[in-house]
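Comments concern the structure below.
The values are calculated or read from the model by the stated rules, or taken from the named source; none is laboratory data. Not measured: the values here are computed from a predicted model. Ideal geometry is used to build each Cβ from the backbone, glycine not excepted, and the neighbour counts take in all protein chains shown.
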Amino acid sequence: MGNRFIPDSQLVLNADGSVYHLKLHPEQIADTILLVGDPNRVQMISQHFDQVEHQVANRELVTHTGYYKGRRISAMSTGMGTDNLDIVINELDALANINLKTRQIRPEHRKLNLIRLGTSGALQPDIPVDGTVVAARYALGLDGLLHFYAQSKAVIEHEMTQAFVDFMKWNPLLPGPYVVKASPFLLKTLAFDAIQGITATAPGFYGPQGRVLRLDLSDEKMNSRIESFEFQNERVTNFEMESSALYGLSAMLGHEALTMCVIIANRVTEKFASNYHPFMERLIINTLDRIANLS
């Protein structure tokens with residue numbers, strides 16, 4: 001893209017020079033950022049910090065930056081959905097790699113570690129609802145977001161994507177699926193003891209994930225086909241609403257990304273963990289400790 005000038009209409013800033021939605025300045029984010037959907041979970045993370053430097057909130061986007069065992073870490077809420085992740089990841093990258101005063105791309109790339117900690121529903125009957133953590137080795141996007149970016153072709157796993165489209169006999173009226181892999185480094189260092197597989201990212205909670213209230217589904221068998229899809233011994237382990245955007249945008253922008261989810265429901269066995277907060281707390285502490293030990 002070169003060292004072009006990025007106009008106001010493309011990179012929107014607030015009057016104080018902070019990025020528009022996150023309301024953050026570059027010095028307010030760490031290189032390692034824990035992402036959660038729920039703003040209340042930011043405090044669940046930062047309460048373990050030894051020191052909190054920055055606390056910024058705008059709408060559902062809350063950021064706390066501080067230190068945990070000597071490691072500088074940010075905790076940030078994104079809200080729900082790939083549309084929110086499109087905002088969050090692009091603005092985080094702007095903070096890291098664009099000079100907000102000159103509106104030009106910085107000559108030296110700053111790489112971020114973006115780690116999503118969430119909750120999810122399992123799509124395989126053998127995944128228990130008892131605090132099980134699933135790490136997304138691959139994110140399967142059913143949302144279509146990445147197709148708006150020219151660089152997407154370089155990061156999409158085309159063979160797996162095509163195998164899924166063919167297996168599903170994909171409806172052309174729906175957004176085109178895509179698959180992106182996780183950061184091998186983060187997967188190895190943070191999720192070595194988690195169940196790993198393909199995490200499906202849906203563009204909604206109800207119909208897109210096969211839930212029926214008062215509206216019928218256009219394809220009642222979609223979930224069962226997703227459950228039975230396999231590619232090179234990889235299967236779809238769970239449903240959520242953010243990882244495909246996180247993985248795709250991070251890969252295109254040169255960042256490391258990983259999603260780890262506590263399984264709080266099983267869509268096949270219909271079991272649900274009503275009190276999953278201790279499981280989330282355990283995931284947070286384990287992740288913080290492993291980040292602190294990263295070389």
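Are there helices (runs of 4 or more DSSP H) fully within the stretch 196-295 with at least 2 residues that are surrounded by fewer than 18 Cβ atoms within 10 Å (Cβ to Cβ)? List them.
Here the list reads 222-228, 277-292.
When the stretch 130-143 is examined, which residues are found to be within 17 Å of ILE226 (Cα to Cα) and either at pLDDT below 95 or surrounded by fewer than 21 Cβ atoms within 10 Å (Cβ to Cβ) (or both)?
Correct list: ARG137 only.
Which of the residues spanning the stretch 29-78 are in contact with a helix residue (DSSP H, G or I) (Cβ under 6 Å, 6 or more places away or on another chain) and among the charged types (D, E, K, R)?
Once the filter is applied, which keeps residues that are in contact with a helix residue (DSSP H, G or I) (Cβ under 6 Å, 6 or more places away or on another chain) and among the charged types (D, E, K, R), the stretch 29-78 yields LYS69, ARG71.
Taking the stretch 88-110, which residues are over 22 Å from PHE239 (Cβ atoms) and assigned to a helix (DSSP H, G or I)? Reasoning before the result, please.
Residues of the stretch 88-110 over 22 Å from PHE239 (Cβ atoms): 90-110.
Those that are over 22 Å from PHE239 (Cβ atoms) and assigned to a helix (DSSP H, G or I): ASN90, GLU91, LEU92, ASP93, ALA94, LEU95, ALA96, ASN97.
What's the number of the condition ALA292 fails, among (1) free of Cβ contacts under 8 Å to residues at least 24 places away in the same chain; (2) touching a strand residue (DSSP E or B) at 6+ places or on another chain (Cβ under 9 Å); (3) of a type in the set (Gly, Ala, Ser)?
Only one criterion is unmet by ALA292, namely (1).
Between a residue in the stretch 210-226 that is at positive phi and any residue that is surrounded by 10 or more Cβ atoms within 10 Å (Cβ to Cβ) and part of a helix (DSSP H, G or I), which pairs come within a Cβ distance under 7 Å, given they are 6 or more apart or on different chains?
Partner pairs satisfying both residue conditions: GLY210/MET222; GLY210/ASN223.
Pairs only if they're at least six apart or on different chains, beta carbon under 7 angstrom, first in the stretch 144-159 and under 21 Å from ASN171 (Cβ atoms) and free of Cβ contacts under 8 Å to residues at least 24 places away in the same chain, second among the aromatic types (Phe, Trp, Tyr) and not in a helix (DSSP H, G or I); list them, first residue then second.
Correct list of pairs: empty, since none qualify.
Suppose we keep only residues that are of a type in the set (Gly, Ala, Ser) and under 16 Å from GLY131 (Cα atoms) within the stretch 252-284. Which one would you say is modelled with the lowest pLDDT?
SER274
Which members of the stretch 111-132 meet the condition of being touching a residue at least 24 places away in the same chain (Cβ under 8 Å) and assigned to a loop (DSSP other than H, G, I, E, B)?
Passing the criteria: LYS111, LEU112, LEU123, GLN124, PRO125, ILE127, PRO128, VAL129, ASP130, GLY131, THR132.
Tell me, please, whether a residue that is touching an Asp or Glu at 6+ places or on another chain (Cβ under 7 Å), part of a loop (DSSP other than H, G, I, E, B) and closer than 26 Å to ILE263 by Cα can be found in the stretch 153-171.
Looking through the stretch 153-171, none of the residues is touching an Asp or Glu at 6+ places or on another chain (Cβ under 7 Å), part of a loop (DSSP other than H, G, I, E, B) and closer than 26 Å to ILE263 by Cα.
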